[in-house]
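**Q** First the structure, which I've put down as structure tokens, then a few questions once you've had a look.
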Amino acid sequence: MFTFNTTKSIVAGPGSTQRIVGHIRPLLGDRVLLVTDRGLRRLGIISDIQGQLAAAGIAVTVFDDIAADPPESNVFAGVQIARTHRATGVLAVGGGSPMDVAKVIALLAKSGESLADAYGVGNAKVPRLPLVVVPTTAGTGSEVTPIAILTTGEAEKKGIVSPLLLPDLAILDADLTLGLPPLVTAATGIDVMVHAIEAYSSASANNNPISRSLAREALRVLGANIREATHNGRNREARGGMLLGSMLAGQAFANSPVAAVHALAYPIGGHFHIPHGLSNALVL
């Protein structure tokens, strides 16, 4: 016996964010909180998406004060902005940090639930705001996981795990990943490969044939593309392969959980602030 859950709907393909209004309006309504980070805003990616939404008459406010290994304070600030804006939905554009923060903002902005009460497995139970995510790195798989990780002290991290955190829609646009530097591409790519390896070999009672199949396919796609994506970052096919592999591995480990490698890698990252993919590679 096993259970398997994933994001309700997935749209994939280069340029898919150029038609973002048609994808998100039925879900998010006409008052959207856009969660991202300042780096992406400087690159102009956010202004293009923001312009599309504004042209369609959707009221957008942007929250970009997201740190790497985001602290709880990022969530509290975002929740306040969402409530002030009277947001009817949340759109996350970015890597794992903006997506994780957006998940928790969507949860708390509607429910008023205490963040402290939501930590752990299955403790978040109240309805959230509609949520759409657009990953800009091929690394965390957060677009298809029911997990959000926050930094709760100087070096400690805690997670919220609940099916409620699964987004309503994930949009995978490889064009948004073309500018990733080689080091980030390599580190996030290794993180994804560890997701697949641990999901496949997990001792969890919920290790299941769907997750194992997804993990195998993720490793096949990643193994075929990670070197090219790292050394030739403008290759759209390689970038698309990495984004697809990240999603497949995310679906796998969301249902057949990661284990000792991640458990040991998190405190290394928390204490020494090295990239998560690098700490995973070292521990693996």
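The values are calculated or read from the model by the stated rules, or taken from the named source; none is laboratory data. Quick caveat, the model's predicted, so the values are computed rather than measured. Backbone-built Cβ (ideal geometry, glycine too); neighbour counts: all protein chains shown. Quick note on the areas: whole protein, heavy atoms, side chains included, nothing else; ligands and nucleic acids left out. Shrake-Rupley method; radii C 1.70, N 1.55, O 1.52, S 1.80 Å.
**Q** Just to be sure, is ARG212 among the basic types (Lys, Arg), without any contact (Cβ under 8 Å) to a residue 60 or more places away in the chain and either more than 20 Å from VAL11 (Cα to Cα) or open to solvent by 20 Å² or more (accessible area, probe 1.4 Å) (or both)?
**A** On the way: among the basic types (Lys, Arg): yes; without any contact (Cβ under 8 Å) to a residue 60 or more places away in the chain: yes; either more than 20 Å from VAL11 (Cα to Cα) or open to solvent by 20 Å² or more (accessible area, probe 1.4 Å) (or both): yes.
Spelling it out, ARG212 is indeed among the basic types (Lys, Arg), without any contact (Cβ under 8 Å) to a residue 60 or more places away in the chain and either more than 20 Å from VAL11 (Cα to Cα) or open to solvent by 20 Å² or more (accessible area, probe 1.4 Å) (or both).
**Q** Right, here's the next one. Out of (1) open to solvent by 50 Å² or more (accessible area, probe 1.4 Å); (2) under 24 Å from ALA138 (Cα atoms), the odd one out for ARG25 is which?
**A** (2)
**Q** Consider the stretch 164-175. How many of its residues are over 16 Å from LEU131 (Cβ atoms) and either modelled with pLDDT under 95 or open to solvent by 30 Å² or more (accessible area, probe 1.4 Å) (or both)?
**A** Adding up the residues that qualify gives 1.
**Q** Here is a follow-up. Have a look at VAL184, VAL258, VAL192 and point out the one that is in a loop (DSSP other than H, G, I, E, B) and under 18 Å from the mean Cα position of the chain (by Cα).
**A** VAL258
**Q** Would it be correct to say that GLY139 is assigned to a loop (DSSP other than H, G, I, E, B) and modelled with pLDDT under 95?
**A** Yes: the conditions hold for GLY139.
**Q** Something else now. Please give the number of the condition SER142 fails out of (1) under 30 Å from GLU237 (Cα atoms); (2) hydroxyl-bearing (Ser, Thr, Tyr); (3) open to solvent by 40 Å² or more (accessible area, probe 1.4 Å).
**A** Single failed check for SER142: (3).
**Q** Tell me the residue from ARG239, ARG234, ARG227 that is assigned to a loop (DSSP other than H, G, I, E, B) and of a type outside the set (A, V, I, L, M), please.
**A** Exactly one of ARG239, ARG234, ARG227 is assigned to a loop (DSSP other than H, G, I, E, B) and of a type outside the set (A, V, I, L, M), namely ARG234.
**Q** Enumerate the pairs (first residue in the stretch 12-37 and within 23 Å of ILE66 (Cβ to Cβ); second residue anywhere and basic (Lys, Arg)) with beta-carbon separation below 8 Å, excluding pairs fewer than 6 apart on the same chain, so at least 6 apart or on different chains.
**A** Hits for this filter: ARG31/ARG86.
**Q** Test of understanding: among ILE105, ILE46, ILE66, which residue is within 23 Å of GLY139 (Cα to Cα), open to solvent by less than 40 Å² (accessible area, probe 1.4 Å) and assigned to a loop (DSSP other than H, G, I, E, B)?
**A** Among ILE105, ILE46, ILE66, only ILE66 is within 23 Å of GLY139 (Cα to Cα), open to solvent by less than 40 Å² (accessible area, probe 1.4 Å) and assigned to a loop (DSSP other than H, G, I, E, B).
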